[in-house]
């Protein structure tokens, strides 16, 4: 998609009202992450002449389910309408991932369409070991790739939350999310602000339902090419407000030549069996 596998940011508790609410909900995994479906409206905030984009809008739907004991599944769809002045085209990326934290395995499948025509499909699996991360690609071609040890998306999100709780404001990680051609990892630099509560005129906070008054952290993550490292300009930056249960809102997606915003339009909390119930089966 226009965005790499942005789903990992949303995959993703233990102070204040949000922790109590999370622990009480049936969709909460042992980690405090809540099973949910979030819908975001996308709009173009800014663009340069070099981007060739006059206008852009769309919608992003992100669904996160599972638990620490059964693994985490994400279904993600990112649809945009792009106006270049000369033409209007529709892009549609559909991504499904599954992350088994205990087994240190990750599977991914992404289909990208332009004007309803399939442009690209990337799929495969990855596994962590002491020696590094091994990727087995099955689409578009079958091959094995050996990478430096990397975190998977939910694992990285939990790092962000843990560091935010601990008051650590900046840290770097290497991640693998299966995006682009599924054969490279990324270096990330994460900046976490101090915990905040919504102000009275924060209209988007109301879309968070029972979490509308809960505290959040402002987070910015910069993504760097593995070869160039953090000394070069990032491939893109994402900023968002992050709750302790993994829900995000007020997104800003900065690609250098253009910037998108993503406003939370709808949030549904989904029910998932707890690990205790799964163990009893």
Checklist outcome for this item: Rounded to the nearest 0.05, FRET efficiency between residue 88 and residue 59 (Cβ-Cβ, R0 22 Å) equals 0.85
Item to check | Full-stretch length increase - residue 220, residue 70 - with 0.36 nm per residue and alpha-carbon distance subtracted | outcome: 51.1 nm
Checklist entry - Which FRET efficiency, nearest 0.05, do residue 119 and residue 210 yield, Cβ-Cβ r, R0 45 Å? => result 0.70
Checklist entry - For the range 139-197, what does the alpha-carbon gyration tensor say about shape, rounded, prolate or oblate, given a ≥ b ≥ c as the root eigenvalues, a/c under 1.5 as rounded, and a/b over b/c as prolate? => result prolate
Checklist entry - So how far, in whole Å, is the C-alpha centre of the range 238-267 from the one of the range 81-119? => result 18
Checklist entry - For residue 103 and residue 235, what does the FRET efficiency come to when R0 = 35 Å and r is the distance between their Cβ atoms, rounded to the nearest 0.05? => result 0.75
Next on the checklist: Less than 19 Å from a label point 7 Å out along the Cα-to-Cβ axis of residue 270: which backbone N atoms in the range 96-130 qualify, by residue?
Outcome noted: 96-102, 106-111
Checklist entry - So what does the Cα-only Debye profile of the range 7-280 read at q = 0.09, 0.10 Å⁻¹, as log10 I(q)/I(0), no solvent term? => result -0.42, -0.52
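Every read-out reported here was derived from the displayed coordinates using simple, explicitly stated rules and does not represent laboratory data. If you're wondering where the values come from, they're calculated on a predicted model, not measured in any experiment. Neighbour counts run over all protein chains shown; Cβ positions are idealised from the backbone, glycine included.
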